[in-house]
Each structure stands twice: as structure tokens, then as C-alpha cells.
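Scroll down for the structure; my scribbles are underneath it.
The values are calculated or read from the model by the stated rules, or taken from the named source; none is laboratory data. Owing to the predicted nature of the structure, the values given are computational and were not obtained by experimental measurement. Here the Cβ is made from the backbone with ideal geometry for all residues, glycine too, and neighbour counts use every protein chain on show. The accessibility values were calculated without ligands, DNA or RNA, using every heavy atom of the protein model including side chains. Shrake-Rupley method; radii C 1.70, N 1.55, O 1.52, S 1.80 Å.
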Amino acid sequence: MPKSIRTSSIGEQETDRLKNIASDILIEAKKQGADQVETAVSVGQGLSVNARLGEVETIEHHRDQGVGITVYKGKKKGSASSTKLDSSSIKEMVSAACAIAQYAEEDPFSGLPEEKLLATDFPDLSLHYPWQISSEQAIEMAITCENAARFYDKKITNSEGASIQTFEGTRVLANSLGFNHGYPASRHSMSCSVIGESKGTMQRDYWYTVARKASDMEGAVKVGEMASKRTVKRLGAKSISTRKCPVMFAAEVSSGFIGHFISAIRGGNLYRKSSFLLDSLGQQVFPSFINIYEQPLLPQALGSTAYDSEGVATSLRNIVKAGVVEGYVLSSYSARKLGLKSTANAGGVHNLTVESGELDFTGMLKQMYTGLLVTELIGQGVNTMTGDYSRGAAGYWVENGEIQYPVEEVTIAGNLNDMFKSIVAVGSDVDLRGNTRTGSILVSEMTLAGT
């Protein structure tokens, strides 16, 4: 079978082509009577390979494209989208958006962002690193990864497989205020999940690596062995009795814990008055050693961007300083609803960072001394309106600062207001595999419901 190595067609030339299409869309929308227009045009391509038990399950090469438009007629808004970029399809899409705007209700808060907030400086954030891997090479890598997991320990009895994913694409954003910019970006990942068995009980766990640049990912053998180690370590898990105790969120689940805070200060939840952190600006929500900030301009980071999905310029900014909320998470629309200014968070936060302390993972366990280390959370039992928190959890029971045995079938519960104030340490074991960069987080006390 001949090797098939894909070549990259994503780059400056493709971005310029999309900019021209975006310009044509703006002109067409104006012709059809729009007062304000915003459009986003994107193309992307990648390879996906899944292998299980030493055999290839699926190989998929994809190339996608899409375009979306939002038009404003006065304060009436209409949106439409298409997967076709030819002129005829674009005219149809614009007509559909204008027709929707014609019949939409007026909303005094709708419209494009303030022109003076739009990005005008576009630093090179080094986000595009095509991975020229052939299907055969990706298959070999996936099987190597899975074999490393399957044969690492005899207790590994089955596998859910290993996968290799590559992606590169470019996205252009343009609006009738004169903004028209785009840039290419890439994202590659490898993952493995296996099943272990001992004394009639079974456990599953996984590991993954992800990066802009393939060479920055962990090796296939390391990913496989880590998946196996984590699975074997969970064998023999048991429930424990109901109690109150310290809880330490491992770094890989801490981002979700911080995500509940971000959700509570997001504009949509604030103007709908559906958050337990209403009017929290300037209020002490965390202990004074907690600092949370965005770093949108970090080179090669997964959440880096010079502007948000409306074109508003991003910048380094504090969200929490010394435990006090210094900023909300707002798009232009939610900012207007609240009488505030956009914080460049249309589409989400960018490299949200929780400042870490000096303790590494081992040091954090010793700080907790006795309690529950949480490595997996189950269910969606979080009420953003009240802050009530109740989720299924699995992890390890810790005594004398050392892991004693795996734990499962327990529920951890509390109220996020109390949990945030009860954080006693943030570890230096920062997980960089996502848009939220945080280490382990230790909470002094939560209710643990077991058997």
C-alpha cells in the first residue's frame, strides 16, 4: 500500500482567499439593505485514525468549510450559515439572514462591538504547525500507543483503543466596521483508553496528549503506559462511609472546578440573574492568595488569540486578584445589557490561568494529609443559580499524606460559594492541555457521601 502523505494547503494564501470572500459577503449584505454586517469564513482539514486490539478501526480524512453571517437592520438581527462558498450560495445565505432580520423583534442591545475596541495589532502567536503524517504512520503510532498500554501489565484485559487526530485550519472574521482578519492554526492529539480486571472487578481509564505542534506532544509509548498505569491503579476501588473531609481536585479535573466560577460570572448568567455571583464585582470570592487571569497572547498555547469571536482585542487581564473579582466575562451584547464594556470574551476565555503555589503533587497530598483525591467527576449536578454542587466522584483515599487505596461510587457535595472560600492551596502541577491552566486544588472540607 503506497504511503499517503497529506500536504498542507492552509496558509497565508488560503487566508487571503477567505478575506476576499468575506469582503464580497459584506458588500452583498449592504446591497440587500443591511445596516451592519458580521461574517466568519473558515476552512479546515485533518486526519483521524482509530486502532483497537492491534487493528485499524477507522481512518478518516476530512476537509470542511463553512461561512456564517449576522446582519442588523436597525436593531433587528438575522443570522444564516452555509457550507458553500460560491457566489450563488453566498447570495442565498445573505438573503436568508436579511429576511430573518426583517421579521425579528427589535433588541436595543444588539449590534456590532464598539469600533474602538476592535483589534488593530496582530502579533504572531505561532499557532500553525501542520503535521505531515501519512495514514500509515498514524496507524503505526496508534497501534504502538495501544500496545504500550495493553502489554504494560497483565491486569489489562481489554482496550477501547487509541486514536491520532490532526487538524489545521484558518478562520477569517470580518465586519462592516472595517475589520477583516484571519490566521491559520493547528491542533493535534493522541489518546488511549484501556480496561483492567482483577478479582472480578473491572476499571477503565485513559490518558491523552494535545498540542499545537506534534513534536510537543508526549510520545506514543508514554501515553499508552500512562493509560495503563492509571487503569491498574484504580483496580480494587471501594466506596467509603459518609463523612466530611478535605477534598483535593487533581489538576486534570481542577479546570472544571474553576469553570463553574467562570460560568457564574459570564454575562449571560448575570443579566438573566441566574448566577449565585450576581454583583460580585469587587467582592471577595476566593482566599486572598488566589489570582486568576487571562493570558491570550501566549505563543503556541491552545487558547491564544489576538481577538475574540467579535474582533474585540484581547489582552492580559486580571479576573480575580487577591481573591477579589476584578472582571466579568462579557461579550458586546451581555456588556450592553449590564451597562458595562466588552471584556473580549465573546466565544469564551483565553488561556485562563490560576496562579499556582509552591507545592507539587506530592506536596499537595502531604498538605491534605487525610482526605479524598478526586481524579474523575461524573454527572452535571451543579446549580449556577444557587451554587449548589453535588457530583459523583472517583479517586483515591489519602492518609498521612500518601495514597492508600482507590475510591469509587461516592458523591462530593457543597456550595461553590463556600468551596471557593475554602481553597487552601493550588499546586504547581499545572495541566497545560486545555484553555484553563491550573494545578491541583485543595478544598479544606466538603461533604462526602458513600455507603
Counting each DSSP H run of 4 or more residues in the chain as -39500 (n - 2.57), what helix-only mean residue ellipticity at 222 nm follows after dividing by all residues, to the nearest 500 deg cm²/dmol?
-7500 deg cm²/dmol
Relative to the Cα centre, what is the charge dipole magnitude of segment 159-293, using +1 at the beta carbon of each Lys and Arg, -1 at the beta carbon of each Asp and Glu, and rounding to the nearest 20 debye?
420
Please report how far the C-alpha centroid of segment 23-42 lies from that of segment 43-92, rounded to the nearest whole angstrom.
19
Net charge near residue 90: determine it from the other residues with C-beta under 10 Å of the C-beta of residue 90, scoring Lys and Arg +1 and Asp and Glu -1.
-2
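Specify the longest stretch of the chain that does not include any exposed loop site, a site being one of the GluC sites (Glu not before Pro) with a non-H, G, I, E, B DSSP assignment and at most 10 other Cβ atoms within 10 Å.
107-357
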If R₀ is 30 angstrom, what is the calculated FRET efficiency for the pair residue 120 and residue 99, using the beta carbon separation as r and rounding to 0.05?
0.35
Add +1 for every Lys or Arg and -1 for every Asp or Glu among the other residues with Cβ under 10 Å from the Cβ of residue 183, and state the total.
-1
Heavy-atom accessible area per residue, the chain, 1.4 Å probe: how many Å²?
45
Just going by the charge dipole of segment 315-412, with Lys and Arg at +1 and Asp and Glu at -1 on Cβ, which of 327, 378, 353 is farthest out on the positive end?
327
By how many degrees, 0 to 90 and rounded to 10, does the Cα axis of helix 135-150 deviate from the longest principal axis of the chain?
30
Sorted by accessible area with a 1.4 angstrom probe, largest first, how do 429, 216, 205 fall?
216, 429, 205
Run the accessible area of segment 51-192 with a 1.4 Å probe and give the carbon-and-sulfur part as a rounded percent.
48
Using a 1.4 angstrom probe with every protein chain in place, what is the largest-first accessible-area order of 207, 397?
207, 397
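Can you tell me the FRET efficiency between residue 109 and residue 239 if r is taken as the Cβ-Cβ distance and R0 is 45 Å, rounded to the nearest 0.05?
Values: r = 50 Å, r/R0 = 1.10.
After rounding, the FRET efficiency stands at 0.35.
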Accessible area (Å², 1.4 Å probe, nearest 10) - residue 16
70
Which percent of the accessible area of segment 240-290 is formed by carbon and sulfur heavy atoms (probe 1.4 angstrom)?
48
Of all accessible surface on segment 339-443 at a 1.4 Å probe, what whole percent is carbon and sulfur?
47
Helix 220-234 vs. the chain, principal-axis angle (Cα, 0 to 90°, nearest 10):
50
Only four residue types carry charge here, +1 at the Cβ of Lys and Arg and -1 at the Cβ of Asp and Glu. Report the dipole size of segment 333-451 about the Cα centre in Debye, rounded to the nearest 20.
840
Give me the net charge of residue 160's neighbourhood, meaning all other residues with Cβ under 12 Å from the Cβ of residue 160; Lys, Arg count +1, Asp, Glu -1.
0
Which FRET efficiency value, to the nearest 0.05, is calculated for residue 403 and residue 316 with the Förster distance at 22 angstrom and r the Cβ-Cβ distance?
0.05
With every protein chain left in place and a probe of 1.4 Å, what is the accessible surface of residue 407, to the nearest 10 Å²?
0
Pick out, from 152, 104, 184, the residue whose Cα sits farthest towards the positive end of the charge dipole of segment 84-206, with +1 on the Cβ of Lys and Arg and -1 on the Cβ of Asp and Glu.
152
Suppose every K and R has +1 on its Cβ and every D and E has -1 on its Cβ; what is the size of the dipole of segment 31-116 about the Cα centre, in Debye to the nearest 20?
260
With the 8 Å Cα cutoff and a minimum separation of six or more residues, the chain has a relative contact order in percent of 15
Expressed in square angstrom to the nearest 10, the accessible area of residue 52 with a 1.4 Å probe stands at 70
List 103, 129, 72, ordered by accessible area with a 1.4 Å probe, largest first:
103, 129, 72
Cα→Cβ-extended label distance, 7 Å offset, between residue 134 and residue 216, nm:
2.8
Under the rule rounded for a/c under 1.5, else prolate if a/b exceeds b/c, else oblate, using alpha carbon gyration tensor axes a ≥ b ≥ c, segment 33-167 is classed as prolate
